1. Taking K and R as +1 and D and E as -1, what net charge do the other residues with C-beta under 12 Å from the C-beta of residue 207 add up to?
2. Using mean Cβ contacts within 10 Å as the protection proxy, how do 188-195, 153-160 order, highest first?
3. Mind ranking 92, 69 by accessible surface for me, highest first, 1.4 Å probe?
4. From the cross-link list 33/177; 36/177; 33/88; 33/96, which pairs have alpha carbons spaced over 28 Å apart?
5. Determine how large the accessible area of residue 173 is when every protein chain is in place; take a 1.4 Å probe and give Å² rounded to the nearest 10.
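The values are calculated or read from the model by the stated rules, or taken from the named source; none is laboratory data. All values derive from a computational prediction rather than experimental measurement. Positions of Cβ are generated from backbone atoms using ideal geometry, with glycine treated the same way; all protein chains shown enter the neighbour counts. Surface areas here come from the heavy atoms of the whole protein model, side chains and all, with no ligands, DNA or RNA. Shrake-Rupley method; radii C 1.70, N 1.55, O 1.52, S 1.80 Å.
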Amino acid sequence: MPESPMCHSEIGYRASQSGSNLKSKENTRVICKRCKTMLGETVSSDTIKYYVTEVIIQPSEASFSPTPRCQFVQSLVAQCLVELSSAKSTFRFTVKGDNGKTYILIWLLNSDTLLVESLGSSFSSSVFTLFGDIFMPSSGQVGTWNAVKVLYQPCIKSRNKDLADAWENDIGVHPIKFPSETCLELLLILGLSTTSLPPSLRYMNSFQRIPPKSI
């Protein structure tokens, strides 16, 4: 089954360049001149791959309303997991940086969860809100969202190295590639989300848990 463009961690884009050999990994990076963020990589003399976590493409005539960064990242990653699990029949993923390092192991438990929230729910503030992102429905209404349930393990500083190595050699595990800075950002989002749970609910089978996340 062909993959939807959304489930790729990179988007291919044709660009005219002078034909020259790429001499190093550093030379292939596409950096924003204003904020110095890594946007993608040059893969050939006429092709650039942009990371979907760094670039939003929409018609020029469309109105643009900024989305909080952490809300954008977690929603996009959730969509990637759902689409890849459907296309490849896999539920385990390694999140890798552009430097080749593995940052996170993610196990997708459920992709068809429905969140229902009413205004004034004391449960909602800790489960559905992250970094102050606005998931609250308007006054007097009930909000519903599709959501995913995942478990994860951090792999920075050689944590869970044996498990990470086993997943690397498992053909049932699919890698997802993002800029290294975005991998650390995602790990921070997951970690803060885990701390919003009661201590007794933060782990399952040695993996860390997070509340269901909106797609």
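1. Summing Lys and Arg as +1 and Asp and Glu as -1 gives +4.
2. 188-195, 153-160
3. Numbers: 92 55, 69 85 Å².
So, going from the largest accessible area down, we get 69, 92.
4. With Cα atoms farther than 28 Å apart: 33/88.
5. 20 Å²
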